[in-house]
Structure formats: structure tokens, C-alpha cells
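Working notes, beginning with the structure itself.
The values are calculated or read from the model by the stated rules, or taken from the named source; none is laboratory data. All values reported here derive from a predicted model rather than from experimental measurement. Note: ideal-geometry Cβ built from the backbone for every residue, glycine included; neighbour counts use all protein chains shown. Side chains are part of the model used for accessible areas, which takes the heavy atoms of the whole protein and leaves out ligands, DNA and RNA. Shrake-Rupley method; radii C 1.70, N 1.55, O 1.52, S 1.80 Å.
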Amino acid sequence: MKVKTYKTQSLHEGLEDIKRDLGSEALILSTRSVPARAPFNLFRKPSWEITAALEEKTVNSPEPSSSANPTKGRGFSLVEDSPLPLKEVAAREGRTRQSEALTTSRVRVSPSTSGAAAAVAPARIVDKDPRMDQLIEEITDLKSSFRSLSKAIPAQSHFGGIFAELVTQGIDHDLADHLVTTASRGNPAPSELRGRVRRLLADQLIIAAPAELHAKSAMVSAFVGPTGVGKTTTIAKIAGHAAIRMKKKVALISTDMFRIGGQEQLARLGELLGIPTYGCADIATLTDLVASLDDRNLILIDTPGSSPSDLSRLSKLETVTSAADAKVHLVISATTRSEDITKIVSRFQRFSPTSVIFTKLDETDCKGPLAGDLLRNELPVSYLTNGQRVPEDLLIPTADELARYVLPLEPAI
């Protein structure tokens, strides 16, 4: 059987490659999504790894005609084709009578029982074994059953308990299976296994550097997201860190003309921090305002919240970020359901956000799913917020900290 593994950008492309290389009778043994790391490619398509096999068949050898068969009537017949000259074949006939068998790479001859013409025995054709498909189907069912059973195993279990923890915290089944299987090599102790899985999970997470705090050149950043996720407060926290701790010259701009008191809230926060704040009502004014603030090395732009379902408002908001030529952060509340996070990411994709900011970590006791949401939507994360204090309640996340949300040092009892 010929087995080959293909790595492609889509299942369709992989199937086309398999059909071209192995033909339409090839068997698909397995398919899996391969996570790829690309920090600067936020919304990329997943890669796929497909393993296929083809059962090789031996083709019947055509029976030679009497005129083409020089061995006819010589008292022996060819059982398999031979690359040897005829004289050597005849010389080996005597030795064959004294031995019971030769290796398959040689010609085996046998005395002819009659003077009839010798015939070439047809090679055996290996047909496709229908049991192969049944075996593959049974293996797939066993894997599915194992995953279901593992979810019911207590957390203290050595192997299945960690898998169940990962799945419960929102990690996809395939990734959880890969992490636990890889970490289990060498049969480590339970505590060591837990540490290995956590480190492997941390390696999958992408952390975006807080450019607003460490950039050497001037930059403009805009913050977008649904209504009520805490964009204005988050902007003030970043501005406070940049101005007070990093000694940057910061300016704040509010484009929130929809929410009552939206601009006033940012203005009050700017006043407390000693940072100038500006209001902007239209695109032309925004472009001129950003250009006039050339003495500032950090400009942060607050935008009005928008429902992911309000496509018209999202289109208008897109013109704001484009006019400012800003780096965009997508702000999402940590209390948002995973299904809704996927929808938000899809709808705000038009802004090409470079990272996500999770807010309101202090309002949820279930932080583990955040790592699963980041992996599932291929999002790098730049900041976390966990309170209302400005600028204190701003966190710069690390991959290890996010992994500990999923797998704490000790399993929950």
C-alpha cells in the first residue's frame, strides 16, 4: 500500500492533489486542521494535513504467442517473468530441480509434464479489501467514543481528566487531543503532564506587543467594538500608562457622536490624566486634526460602539479608521459568549484589526474560554483590563498567564 501525506491550504485543494497523484481510487485515511502561526496575518485560512493511501495492484502479464516464446517445447515453463538471458534461464533449470524454491527476484522453472506448449502463469491481482473501509470507520467511531467518555472522567485522572478540562474550557477537541497526546510521550507523572500541556498550549497563543507603550515612532491607534464593552475606559488606561510611565506625549480624540455624553466622558478622563482631548464630528475634521497633532507621538481615537448586526453603521465607522490611517484594536468584553465572539470577529473583520483587547475580566469567574476563543478565531491579544481604576487596571498579558486560565497549577475540585 502506498501512503502519502499532503499539506494544503484547503480541503478542496488537497483532494485535487490526491486525485492527480494517486487517482480516484485512493483512500482518505485522515484529515486534520494544522494551526499555523502568523502574527501579522489576523484572519488567515487554516492549513490542512490529509493522509491518503492507494492499494497497489499487479497487472496481468500478457500470454506470449508461440512465435514469441523461445522456451516453447524445451520441457519447462516460466512461472514469473525474468530479466535474465535465455541461456542463463536454461542453465538454472537443472539447479531448480534440486531446490524447492528460489527467491522471487529469480526465475523459477519446473519440469513440463507433457510436450505441450509452455504457458506463462498470470500474476495475482490484489483486489481492494472492503474490510479496510470498515476498519477506518471503526477507528473513527472509537476516537469519538473516547472523547465523549473522557469528558466524564474526574479531573484527578491522569490523561482523560486533562483532556476533559481543556474541552470544558473551550479548547477544540482536535487541539486538546493533540496537546495531551504530545505531552504524554514518555509517560510523565500527572503533575509533569499538566505542566507540559500548559506549556504546549501557551506556545499556540499569540501575544501582540503593546506598541502604544513601546513604539519609537509616532503612531495613531483606533479602538472599535460593540456597544458597552469599555472602549473609552480602556483608551484612558492605555493613555495613562503611556503618558505617566513611558513619558509619551499623548492626545485623545473622540468620534462618538451617537452616545449621549460619549465625548464628555473621554474629556473628563483626559483632564484627570492631564492629557489634551479633542472632539471630532466628521471625516474631514478628523483628517485635519490628526495632521495638526504632529507634536504628539501617540494619538488614541475613541469610536462609537456598534452592533455587529448593524452593517450600515459599521460601514460608516470604517471610513473613520481609514481617514485616520490608524492601527485598529478590536475591544471585546470577557463576559461575551464564545458564539457571539466568533460573530463579532467576523463582522469587524472589515477593519483589519491587528489585535484584540479583552475587558471586564473582573466580571467573570470563567476566564479559561478566552484562550479557546483566541485560538479558534486566530486572534493575537494585546491588552486585558480587570477593573474600573484608571490607569491601574490594565494588564499586559503573557501566553503562560492565559494558559493558566485554562489549566491552573492544580485542577479544580
Single match in Thr335, Thr364, Thr354, Thr398 (criterion: open to solvent by less than 50 Å² (accessible area, probe 1.4 Å) and of a type outside the set (Phe, Trp, Tyr)) = Thr364
Restrict the check to the stretch 382-389 and report whether at least one residue is in contact with a Leu (Cβ under 6 Å, 6 or more places away or on another chain), among the aliphatic types (A, V, I, L, M) and open to solvent by less than 10 Å² (accessible area, probe 1.4 Å).
-> yes
Listing of helices (runs of 4 or more DSSP H) fully contained in the stretch 104-204 that carry 1 or more residues being modelled with pLDDT under 55 and open to solvent by less than 80 Å² (accessible area, probe 1.4 Å) = 131-150
Flag if Pro226 is assigned to a loop (DSSP other than H, G, I, E, B) and free of Cβ contacts under 8 Å to residues at least 60 places away in the same chain | no
Pairs returned, first residue in the stretch 287-299 that is assigned to a strand (DSSP E or B), second residue that is open to solvent by 50 Å² or more (accessible area, probe 1.4 Å), beta-carbon separation under 9 angstrom, 6 or more apart or interchain, are Leu298/Ala218; Leu298/Met246; Leu298/Lys249; Ile299/Ala218
Please indicate, with yes or no, whether at least one residue in the stretch 361-371 is part of a helix (DSSP H, G or I) and over 30 Å from Val406 (Cα atoms).
-> no
Under 9 Å by Cβ, and 6 or more places apart or on different chains, what pairs join a residue from the stretch 181-203 that is within 11 Å of Ile162 (Cα to Cα) and in contact (Cβ under 8 Å) with a residue 24 or more places away in the chain with one that is assigned to a loop (DSSP other than H, G, I, E, B) and hydroxyl-bearing (Ser, Thr, Tyr)?
-> Pro190/Ser157; Leu193/Ser184; Val197/Ser184
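Open to solvent by less than 60 Å² (accessible area, probe 1.4 Å), on the phi < 0 side of the Ramachandran plot and in contact with a Leu (Cβ under 9 Å, 6 or more places away or on another chain): is that true of Leu252 in this structure? Working first, answer last.
Numbers: open to solvent by less than 60 Å² (accessible area, probe 1.4 Å): yes; on the phi < 0 side of the Ramachandran plot: yes; in contact with a Leu (Cβ under 9 Å, 6 or more places away or on another chain): yes.
So Leu252 passes the test.
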Give the residues of the stretch 372-403 that are within 21 Å of Ile341 (Cα to Cα) and basic (Lys, Arg), sorted by residue number.
-> Arg376
From the set of residues in the stretch 205-216 that are in contact with a strand residue (DSSP E or B) (Cβ under 8 Å, 6 or more places away or on another chain) and open to solvent by 50 Å² or more (accessible area, probe 1.4 Å), which is nearest to Thr398 (Cα to Cα)?
-> Ile207
